[in-house]
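Student: So that we are looking at the same thing, I have put the structure below in structure tokens.
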2 protein chains.
Amino acid sequence: MADERQAAELSAAAAARLIREGALTSEGLVRACLERCREIEPRVQAWAFLDEEHALARARAADESTREGHPVGALHGIPVGIKDIIDTADMPTENGTVLHQGRTPREDASVVTRLRAAGAVILGKTVTTECAYFHPGKTRNPHNPEHTPGGSSSGSAAAVAAGMVPLALGSQTNGSVIRPAAFCGVYGFKPTHGLIPRTGILALSRTLDHVGLFARTLEDIALAAEELAGYDEHDPDTRPRARIPFREIAAEEPPMPPMIAFVKTPYWERASEETREAFAELVGALGDRVEEVELFRTAAEAWEWHRTIMEAEMAANFEREWQYGRDRLSEKLRALLERGRDVRALDYQRSLSRILVAQESFEELFTQRYDAILTPAAPGTAPKGLDSTGDPSFCTLWTLFGLPALSLPLMRGAEGLPLGVQLVGRRNFDARLLRTARWLVSRIAAEED
Amino acid sequence: MADERQAAELSAAAAARLIREGALTSEGLVRACLERCREIEPRVQAWAFLDEEHALARARAADESTREGHPVGALHGIPVGIKDIIDTADMPTENGTVLHQGRTPREDASVVTRLRAAGAVILGKTVTTECAYFHPGKTRNPHNPEHTPGGSSSGSAAAVAAGMVPLALGSQTNGSVIRPAAFCGVYGFKPTHGLIPRTGILALSRTLDHVGLFARTLEDIALAAEELAGYDEHDPDTRPRARIPFREIAAEEPPMPPMIAFVKTPYWERASEETREAFAELVGALGDRVEEVELFRTAAEAWEWHRTIMEAEMAANFEREWQYGRDRLSEKLRALLERGRDVRALDYQRSLSRILVAQESFEELFTQRYDAILTPAAPGTAPKGLDSTGDPSFCTLWTLFGLPALSLPLMRGAEGLPLGVQLVGRRNFDARLLRTARWLVSRIAAEED
């Protein structure tokens with residue numbers, strides 16, 4: 001490449017191709033990303049840990065391995081940002097809380113192991129809110145530093161949006177991938193529950209925790225998902241299954257134009273005027289390929305089920321922090337744990353039992369008529385102020401029922417802030433959701449021409 | 001057979017052989033069992049539902065099928081008693097509570113389907129305590145009608161012990177198979193959690209509920225287990241696995257004499273003087289093949305974990321009964337549900353999380369040295385009186401951790417009442433536990449000669 005500094009703007013897939021062809025080195029790519037970090041990080045604050053020399057050394061090792069003719073993985077030489085609740089053996093993992101300051105895990109999380117096996121270079125650790133809950137970290141929205149980047153995967157979304165890294169991992173227990181992706185204007189992907197293993201990641205809630213991805217292209221989402229999906233014996237919610245050719249499926253044309261269900265959700269009243277107008281326009285543009293669908297009546301209770309499960313499971317998972325350091329937790333987290341400790345087993349089980357039933361309703365919806373659900377990713381653009389990471393309400397349903405969800409950076413609101421579109425798919429049909437998303441994106445692009 | 005009335009004394013395996021050979025008809029066998037019922041039932045009261053004509057019709061149908069040359073299952077023509085919490089499409093299933101009086105399920109439980117597929121004739125429904133919890137049904141101990149038969153599978157244990165049926169199904173959530181088997185002096189088998197599906201059976205606690213078996217020989221236990229084990233898509237705790245040749249494994253000689261761990265459990269203080277003496281003698285007779293083993297320290301807390309899980313899950317499963325008919329439940333069950341409704345999700349999850357850890361400790365014990373654990377099945381012989389079904393404490397551990405357990409009718413206490421020996425095996429090595437049990441039984445028989 002003539003000017004390697006431009007390499008930071010490449011997608012992961014494009015950069016990986018150039019590296020494979022010998023037209024770009026991993027060191028060059030990582031240098032370009034670090035250069036971009038030096039320029040932008042002071043304003044955005046996306047990183048919890050970034051050691052330039054360490055990253056460069058790993059990049060040089062990747063290049064060395066190429067020169068020696070070793071087989072090259074799909075992410076060979078590609079820098080990736082890792083949310084700081086995901087364990088890395090060579091970098092601290094502090095979970096966004098003073099209680100875990102200086103924590104240095106001995107082992108990589110399974111997703112990190114898989115990334116490294118595919119040749120990726122872990123660039124650094126990205127800022128998370130406190131324990132991936134609500135209390136914000138230092139990160140700001142790259143589109144306007146007075147606005148929140150969203151959370152809890154704040155640093156991953158901002159770093160990808162600002163071009164500091166092409167790919168980053170996050171996690172979602174309510175709206176922690178889809179919301180920051182929408183606020184920062186990048187693709188965010190929360191796969192089917194259990195598709196990507198959570199071993200070695202701070203556990204909030206076994207029922208609700210998902211690993212998620214951030215990228216600037218759909219192809220990159222497919223590329224990373226293909227490497228990360230699959231059974232892990234230490235995550236009881238993963239299942240042995242055949243390797244899914246994400247990239248191939250995502251790149252295919254749908255056999256016929258998809259049919260989209262536009263779902264306002266019972267939280268539509270929270271949608272901003274801007275969001276309502278934007279969706280009216282979007283639905284108009286999709287014409288007969290979209291129909292408004294009202295969910296089953298009990299869906300309105302799902303937020304309560306989600307709250308009950310999240311509070312109860314977090315209270316169980318944070319027993320130690322509660323016992324030894326609750327005075328050093330934020331008030332919000334402390335209050336959540338306090339509520340969680342009082343949840344009755346009866347209400348907890350009742351909420352859990354609703355999931356399977358609701359999943360059947362969605363199966364019906366997807367098998368009988370619709371390829372995907374179209375719904376806002378958030379009530380509006382990133383709110384002003386850094387005290388809150390915004391409202392996850394438009395993500396709660398899909399997290400609770402474990403459906404795959406994508407945030408697509410298709411629209412803009414006032415002051416040019418990104419306005420996210422969320423596309424939700426059938427459980428275990430993640431690759432097909434990416435295919436439908438690609439169709440939607442090109443359809444909208446065609447409309448705009 | 002010369003005198004078909006003696007057929008009631010046959011084991012299921014022996015009767016099945018005679019039927020296959022044409023030396024006995026299913027009708028003859030069922031008549032013999034019904035004859036025995038007519039004689040003994042007034043005193044023992046093992047049956048909740050018994051329709052002679054219906055049973056005979058099914059037996060004649062089995063004989064007809066043989067005559068027509070249809071393939072013959074392993075239990076062809078064999079009468080089986082079914083605990084009245086297990087659904088049968090052709091007989092009522094009243095769960096031992098007035099709240100479900102007249103309940104007639106539309107479908108067979110999976111275990112009933114499997115029995116019928118193997119050719120079995122469902123003789124009738126056996127008495128259960130109220131909802132398989134503590135409040136006794138009408139059944140009396142066949143060895144002495146002033147003593148409890150144990151519970152909650154009271155009728156199944158008593159019917160098999162009294163020779164009214166060679167085989168019966170029960171269930172165990174705490175000590176509901178092992179205890180009545182011990183009190184009535186028959187073999188009782190509670191397999192590994194998840195080995196036999198519970199679809200179509202009154203649910204008390206997903207974590208603790210097991211299907212169990214009663215028979216008068218170990219061979220019959222193996223015969224029935226082989227037909228009943230296996231994956232069922234509606235029981236999430238069953239797993240697809242290869243068919244286990246229970247009868248073959250159970251009949252084999254162990255490659256070397258088994259090593260037995262004698263475990264007194266933290267509840268040894270409850271063991272009667274008689275039990276202590278009997279076990280001292282038994283341990284003495286086994287010589288160097290037995291060693292006393294003390295469990296890990298936290299095992300003492302397991303009864304508390306069991307209580308928390310059972311109360312919490314029963315409260316969730318009996319919401320409807322609580323809401324619409326709690327005044328018609330026994331005081332004991334009502335009190336349990338009341339406690340269960342107050343269990344905190346935190347304590348419930350904490351208790352659940354202990355199970356996996358403890359299971360690992362047992363794996364170690366079994367893989368490193370011991371083939372089975374020897375322990376009492378109950379504190380002593382069946383207590384006098386019919387107000388209580390006795391103390392399940394010696395079963396709680398093995399139920400909680402899902403280990404396979406057998407009650408062996410090897411000893412007798414005062415007044416000739418049976419004194420049960422319990423043998424516990426490694427998870428998922430159920431057939432091998434039967435093999436070890438066969439070794440133990442013949443070893444003790446040899447000692448007695």
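A short reminder: the numbers here are calculations on the coordinates, not readings from a lab. None of these values were measured; they are calculated from a predicted model. Methodologically, a virtual Cβ is constructed for each residue, glycine included, from the backbone with ideal geometry; neighbour enumeration extends over all protein chains shown.
Student: Could you check which residue among B:T367, B:T129, B:T199 shows the biggest mean-square fluctuation in a GNM of chain B with a 10 Å Cα cutoff?
Tutor: B:T367
Student: Convert each backbone phi in the range A:378-390 into a coupling constant with the Karplus relation 6.51 cos²θ - 1.76 cosθ + 1.60 (shift: θ = phi - 60°), then list the ³J(HN,Hα) values in order as whole Hz, x for Gly and Pro.
Tutor: So the Karplus estimates, Gly and Pro as x, are 7, x, x, 6, 4, x, 6, x, 10, 7, 10, 9, x Hz.
Student: Can you give the relative contact order of the range B:4-251 as a percent, counting alpha carbon pairs under 8 Å and 6+ residues apart?
Tutor: Numbers: 598 pairs, mean separation 45.6, N = 248.
Relative contact order, the range B:4-251: 18 percent.
Student: Anyone know which of B:G69, B:G170, B:G425 comes out most mobile in the 10 Å Cα GNM of chain B?
Tutor: B:G69
Student: I would also like to ask the following. How high is the FRET efficiency from B:A280 to A:S388, r the C-beta distance, R0 41 Å, rounded to 0.05? Before the final figure, lay out each step's value.
Tutor: Values: r = 69 Å, r/R0 = 1.69.
Approximately 0.05, to the nearest 0.05.
Student: Just to confirm the numbers: A:A242, label point 7 angstrom along the Cα-Cβ line, distances to the other copies in nm, shortest first?
Tutor: Once sorted, the set of distances for A:A242 reads 2.4 nm.
Student: In addition: Count, for each residue of A:336-349, the Cβ atoms from other chains sitting within 10 Å of its Cβ, then give me the mean as a whole number.
Tutor: Numbers: counts 0, 1, 0, 0, 3, 4, 3, 5, 11, 19, 15, 3, 8, 10.
Per-residue shielding by partner chains comes out at 6.
Student: Cα convex hull of chain B: mean projected area in nm², to one decimal? Show your work: numbers first, answer last.
Tutor: Details: hull surface 82.4 nm².
Computing the convex hull of the Cα atoms and averaging its projections yields 20.6 nm².
Student: Bin by bin, in steps of 5 Å, what percent of the Cα pairs in the range B:4-251 do you find, going until the bin that has the longest distance?
Tutor: Spelled out bin by bin, the range B:4-251 gives 1, 7, 15, 20, 21, 18, 11, 5, 1, 0 percent.
Student: For A:306-319, what's the mean count of beta carbons from other chains sitting within 10 Å of each residue's beta carbon? Mind dumping the intermediate values first?
Tutor: Numbers: counts 0, 0, 1, 1, 0, 2, 5, 3, 0, 5, 9, 2, 0, 3.
Shielding by partners across A:306-319 averages 2.
Student: Determine the gain in length on full extension of the stretch B:A251-B:E415; use 0.36 nm per residue of separation and subtract their C-alpha separation, reporting nm with one decimal.
Tutor: On the way: separation 164, 0.36 × 164 = 59.04 nm, distance 3.31 nm.
Stretched out fully, the B:A251 to B:E415 stretch lengthens by 55.7 nm.
Student: Now for a separate question. Using 0.36 nm per residue, how much length does the chain from B:R326 to B:R103 gain when fully extended, once their Cα-Cα distance is taken away? Intermediate values should be presented prior to the final figure.
Tutor: Values: separation 223, 0.36 × 223 = 80.28 nm, distance 1.77 nm.
Extra length from B:R326 to B:R103 when fully extended: 78.5 nm.
Student: OK, next. Counting DSSP beta bridges with both partners in chain B, what percentage is antiparallel, nearest 5?
Tutor: Values: 28 of 42 bridges.
Roughly 65 percent of the beta bridges in chain B run antiparallel, per DSSP.
Student: For the pair A:D237/B:K138, report the inter-label distance in nm, with labels modelled 7 Å from Cα in the Cβ direction.
Tutor: 5.0 nm
Student: Once the label point is set 7 Å along the Cα-to-beta-carbon vector, what list of distances in nm do you get between A:M259 and its counterparts in the other copies?
Tutor: 6.6
Student: Assume the label is 7 Å from Cα along Cα to beta carbon: what separations in nm does A:Q101 have to the matching positions in the other copies?
Tutor: Computed spacing set for this position: 6.9 nm.
Student: Next question. Expressed as a fraction of 2.2 N^0.38 Å, the rule-of-thumb size for a compact globular protein of N residues, what is the C-alpha radius of gyration of the range B:121-276?
Tutor: Working: Rg = 16.3 Å, N = 156, 2.2 N^0.38 = 15.0 Å.
Cα-based Rg divided by the globular estimate yields 1.09.
Student: Between A:W322, A:W305, A:W47, where does the largest GNM mean-square fluctuation fall for chain A, given springs only between Cα atoms within less than 10 Å?
Tutor: Checking each option, the largest mean-square fluctuation is seen for A:W322.
Student: Based on Cα coordinates alone, diagonalise the gyration tensor for the protein assembly as shown, multiply each eigenvalue by 5, take square roots, and list the semi-axes in whole Å, largest first.
Tutor: Details: eigenvalues 725, 168, 135 Å².
Semi-axis lengths for the protein assembly as shown are 60, 29, 26 Å.
Student: Additional query: Quick one: which residues, 5+ away or cross-chain, put their amide H under 5 Å from the amide H of B:V121? H built at 1.01 Å from N.
Tutor: B:G77, B:I78, B:V80
Student: Now for a different question. Could you line up A:S272, B:S361, A:S152, B:S26 from fewest to most neighbouring Cβ atoms inside 10 Å? List each step's numbers first, then the result.
Tutor: Details: A:S272 17, B:S361 14, A:S152 34, B:S26 28.
Lowest count first: B:S361, A:S272, B:S26, A:S152.
Student: Rounded to the nearest 500, what is the protein assembly as shown's calculated 222 nm mean residue ellipticity when only DSSP H runs of at least 4 contribute -39500 (n - 2.57) each, over all residues?
Tutor: Values: 30 runs with 370 residues, N = 898.
So the helix-based figure for the protein assembly as shown works out to -13000 deg cm²/dmol.
Student: With +1 on each Lys and Arg Cβ and -1 on each Asp and Glu Cβ, how big is the dipole of the range B:4-251 about its Cα centre, in debye rounded to the nearest 20? Could you put the intermediate results ahead of the total?
Tutor: Working: 27 positive and 31 negative charges, 88 e Å.
Dipole about the Cα centre, nearest 20: 420 debye.
Student: Near the amide H of B:A48, under 5 Å away, which other amide H atoms are found, from residues 5 or more places off or on another chain, if H is placed in the peptide plane?
Tutor: Answer set, sorted by chain and number: B:K125, B:T126, B:V127.
Student: I would also like to ask the following. Highest mean first, what order results for B:343-351, A:70-78 on Cβ atoms within 10 Å?
Tutor: Values: B:343-351: 22.6, A:70-78: 20.4.
Most protected by this proxy first, the peptides run B:343-351, A:70-78.
Student: Once you have all Cα-Cα distances for the range A:194-245, histogram them in 5 Å bins from zero and send the whole-percent values.
Tutor: Reading upward from the zero bin: 4, 20, 27, 22, 17, 9, 0.
Student: Here is a further query. Which FRET efficiency value, to the nearest 0.05, do you get for B:S361 and A:A61 by plugging their Cβ-Cβ distance into 1/(1 + (r/R0)^6) with R0 = 45 Å? Intermediate results must be reported in sequence, preceding the final value.
Tutor: Numbers: r = 42 Å, r/R0 = 0.93.
It comes out at approximately 0.60.
Student: Given the rotation relating B and A, tell me which residue in B puts its Cβ closest to the axis and the distance in Å.
Tutor: Closest to the axis: B:A345, 2.
Student: Once amide H atoms are placed 1.01 Å from N in the peptide plane, what residues at a sequence separation of 5 or more from A:R103, or on another chain, have their amide H within under 5 Å of its amide H?
Tutor: So A:R103 has HN proximity to A:T93.
Student: Another one. Which of the peptides B:178-188, B:55-65 is most tightly packed, and how do the rest follow, judged by the mean count of other Cβ atoms within 10 Å per residue? If you can, show how the numbers build up before the last one.
Tutor: Details: B:178-188: 32.4, B:55-65: 18.9.
Highest mean packing first, the order is B:178-188, B:55-65.
Student: Percent relative contact order of chain A, based on C-alpha pairs within less than 8 angstrom and at least six residues apart?
Tutor: Values: 1044 pairs, mean separation 77.0, N = 449.
It rounds to 17 percent for chain A.
Student: Need one number: nm distance between label points at A:R339 and B:H54, each 7 Å from Cα along Cα→Cβ, rounded to one decimal.
Tutor: 5.1 nm
Student: If you don't mind, another one. Give the span of the range A:330-384's Cα atoms along each principal axis, as three whole-Å numbers ordered largest to smallest.
Tutor: 44, 40, 10
Student: Between their Cα atoms, which of B:K138/B:K190; B:K138/B:K332; A:K332/A:K384; B:K125/B:K264; A:K138/A:K332; B:K83/B:K384 are more than 26 Å away from each other?
Tutor: Values: B:K138/B:K190 23 Å; B:K138/B:K332 17 Å; A:K332/A:K384 20 Å; B:K125/B:K264 35 Å; A:K138/A:K332 17 Å; B:K83/B:K384 23 Å.
Flagged as over cut-off: B:K125/B:K264.
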